[in-house]
Each structure stands twice: as structure tokens, then as C-alpha cells.
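Encoded as C-alpha cells, the structure appears first; notes follow it.
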Amino acid sequence: MDTPLDEHAELLVREIARRWLQPAPDECLACYVWRMLEEFGCAGTLRFAAGFRDARMPRARALERRLQDAGGFCDCEVLYNTVREAVPFPDDARPVCRGVTPRTIQPCALWRTRRW
Ligand SMILES: [Zn+2]
Ligand SMILES: [Zn+2]
């Protein structure tokens, strides 16, 4: 009796985690990376930027190189070095992503890119 229920619970947790870790359907790369960094912090890698790419545009293999060329060698550097706020954000409030079309790595209207 226990096992099927356990398995069901585990599947459910995995499914919730998968959805939570996925970019929202119209969420942009910069807002997604920001949201993930707030939850998990930077690991010194481009794991969230790469995760965004894998979820949205798995064929955009050059993404990491483009971000690195712009000074983004890890997820937090993507935010610090490759984009800036189009209009300064209010303190301690993260604006909601303005949304982008599904097949773009360009950030939404909240951001200006520096070089990508
Ligand atoms: Zn970092
Ligand atoms: Zn956005």
C-alpha cells in the first residue's frame, strides 16, 4: 500500500519542481535568471541561463559564448554585466516580467542589453 502512494507523492513533487524551475511561458531570460538567483543564488556557472536556453531554444548553442563575450561568465554576472534596468527598479521589489515571445533570448522591456 505504501509504495504506490510514495511514488505518487514523489512524482508530484518532481512535477512541481520541474514547473517551478522552468521559465514561465513568456518569461524572459533576464527575469528568469533573476528569479532563480533570488531562490538559489549563483553557483558560479551559467546553469540558469543554460537552463532557460534548454527549455526554450535548445538549439541556441552559442548562448553561453555570447553571454561570456558580454562579460557574463556566471548567472549573476549576466545580470550585472550584460543587462541593465531600463528604468531603475524600486527597492526590494522585483517587477513582474513584461513578457517576450517564446523564441527569443532577448530580455523584456524591463531591461536593456549591453551587448548581446
Ligand atoms: Zn555569479
Ligand atoms: Zn523579463
**Request:** Provide Val100, Val87 in ascending order of the number of other Cβ atoms located within 10 Å of each residue's Cβ, fewest first.
**Result:** Val87, Val100
**Message:** At 222 nm, what value in deg cm²/dmol follows for the chain if DSSP H runs of at least 4 each add -39500 (n - 2.57) and the sum is divided by all its residues, to the nearest 500?
**Reply:** -13000 deg cm²/dmol
**Message:** Taking a ≥ b ≥ c as the square roots of the Cα gyration tensor eigenvalues, with a/c under 1.5 meaning rounded and otherwise prolate when a/b beats b/c, else oblate, which class fits region 16-116?
**Reply:** rounded
**Request:** Using a Gaussian network model of the chain whose springs link C-alpha atoms within less than 10 Å, name the residue from Asp75, Asp54, Asp92 with the highest mean-square fluctuation.
**Result:** Asp92
**Message:** Using a 10 Å cut-off around each Cβ, can you sort Glu64, Glu85 from fewest to most neighbouring Cβ atoms?
**Reply:** Glu85, Glu64
**Asked** Using 0.36 nm per residue, how much length does the chain from Arg14 to Ala50 gain when fully extended, once their Cα-Cα distance is taken away?
**Response** 11.0 nm
**Item:** region 35-116: trypsin sites (Lys or Arg not before Pro) in DSSP loop, at most 16 other beta carbons within 10 Å
**Value:** Arg59, Arg61, Arg98, Arg103, Arg114, Arg115
**Request:** Go through the chain and flag any cysteine with no other cysteine's C-beta closer than 4.7 Å, please.
**Result:** Cys74
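Rule-based calculations on the coordinates, nothing more; no lab input. Owing to the predicted nature of the structure, the values given are computational and were not obtained by experimental measurement. All Cβ positions, even for glycine, are placed from backbone atoms using ideal geometry, and neighbour counts span all protein chains on display.
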